[in-house]
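Q: I am attaching a structure below and will ask some questions about it afterwards.
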Amino acid sequence: MQTIINVGFIGAGKSTHRYQAPFILRRKDKFKIKTIWARNLDHISWERIPQVTYTDCLEDMLNDQDISLVVISTPVMHYEYAKMALEHGKNVVCEKPFTDTYEQAVELFNLAEEKNLKIMCIQNRRFDSDFLTTQKVIESGILGDLLEVEMHYDYYRPYVSENTDHFNPYQGYLYGHACHTIDQAISYFGFPDDYHLEVRQLLGEGRMNDYFDIDFFYKQTKVSIKSSYFRVKSRPRFVAYGKKGMFTKETEDRQEYDLKRFYMPTSDHPDFGMDREEHYGEAIFYDEHGEYHQEKIPTVNGDYARYYDEVYEMLVNNKEPLVKKEQTLFVMKLLEEGIKQCK
């Protein structure tokens, strides 16, 4: 009989009900969501999940011996909640950017090892369709030797910056979004030989961080991660350049698009998160005979539930964590280093 992992959530907002729970529920043969904690049950604005206990008593949930995995899905206090869960003997997966500081991250990993528990950062965007498709094209060899990759994560949300009148290092664009793309880059390309960070406050000193430009340098390849809140038209999500050609994926993974309109990943929606043909990326290249090609590349389907498949394998079958400790610590190191450029 297969082991079922009972799950408790710390946090009952958007991260829980939109980005985490729907994908755990797709794996009913592996997980059961038992309890969701909220500081104030009256403030829950999301439809409650049937057969799940909602509580405002955190100690009751943490002392529940049936729960072996706690998901930290609050926007703040990741370190405090993760430490509390570990001290109660729970394995933990924690939303990005994991902690506020590198030192806090080290402390949590050490505590987990000391208690023979597992803790891992939630990096489900490793299973974005645009990222997976770009990998497939690179690995096909049609681009030739890879020279440069551009990764863009743009928004047009000037009101966010304009309505934020103070600087908080942990609640800006770098901590909120670079943690996705830095992890994608190092998960596929590995740790860079060198890097350069440019982190800015486009509206001036004392305002929020709303821009970053990060370059990773490898032996032959440069990977650029760029993002801004002031892009009326977003740049392509991915552009990869090789000696023989290039690949462009204009549009981003559609899982988030569907989730935002409450088109959820259930059996009623078999096309959840899937690209239409008009969203396919384009490869332009010369083949081994010197002939020119311009082709649409069907999108590889993304699936955030695959992150929880990896969590299950880690906890039940002792598989190596998908998101390694060293990778999370590298992300934290860069976030800390980069945000120091802001004033």
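Q: May I ask you to list, by number, the DSSP H helices of the chain whose Cα span along the axis is at least 20 Å and whose average Kyte-Doolittle hydropathy reaches 1.6 or more?
A: TM-like helix candidates: nothing returned.
Q: For P(r) over Cα pairs in 10 Å bins from 0, in percent, several values are listed as (i) 5, 23, 26, 19, 13, 8, 4, 1, 0; (ii) 5, 23, 32, 26, 11, 2, 0; (iii) 5, 22, 28, 26, 16, 3, 0; flag the one computed from this structure.
A: Read-out taken from this structure: (ii).
Q: Could you grab the relative contact order for the chain? Cα pairs under 8 Å, six or more apart, rounded to a whole percent.
A: Relative contact order of the chain: 18 percent.
Q: May I ask which of Lys96/Lys219; Lys83/Lys260; Lys83/Lys324; Lys219/Lys333; Lys30/Lys226 have a Cα-Cα span longer than 26 Å here?
A: Lys96/Lys219; Lys83/Lys260; Lys30/Lys226
Q: Let me ask something additional. Leaving out ligands and nucleic acids, note down the accessible area per residue over region 204-343 with a 1.4 angstrom probe, in whole Å².
A: Accessible area per residue: 51 Å².
Q: Taking the Cβ of Thr53 as the center, what net charge do the other residues with Cβ under 12 Å away carry, scoring Lys and Arg +1 and Asp and Glu -1?
A: Local net charge: -1.
Q: For Lys343, give me every one of the aspartates and glutamates with a C-alpha distance below 18 angstrom, ignoring sequence neighbours fewer than eight places off in its own chain.
A: Asp100, Glu162, Asp165, Glu198, Glu205, Asp210, Asp213
Q: With the other protein chains left in place, how much accessible area per residue, in square angstrom, belongs to region 5-95 at a 1.4 angstrom probe?
A: Dividing the accessible area of region 5-95 by its residue count gives 45 Å².
Q: Counting only protein heavy atoms and using a 1.4 Å probe, what share of the accessible area of region 100-145 belongs to carbon plus sulfur, as a whole percent?
A: Of all accessible area on region 100-145, carbon and sulfur atoms account for 41 percent.
Q: What figure, in Å² to the nearest 10, do you get for the accessible area of Ser224 with a 1.4 Å probe and non-protein molecules left out?
A: 0 Å²
Q: Is the shape of region 5-95 rounded, prolate or oblate, going by the alpha carbon gyration tensor and its root eigenvalues a ≥ b ≥ c, with a/c under 1.5 for rounded and a/b larger than b/c for prolate?
A: Rounded.
The values are calculated or read from the model by the stated rules, or taken from the named source; none is laboratory data. These numbers come from a predicted model, not from an experiment. We place every Cβ from the backbone using ideal geometry, glycine too, and count neighbours over all the protein chains shown. Note: areas computed on protein heavy atoms with side chains; ligands, DNA, RNA excluded. Shrake-Rupley method; radii C 1.70, N 1.55, O 1.52, S 1.80 Å.
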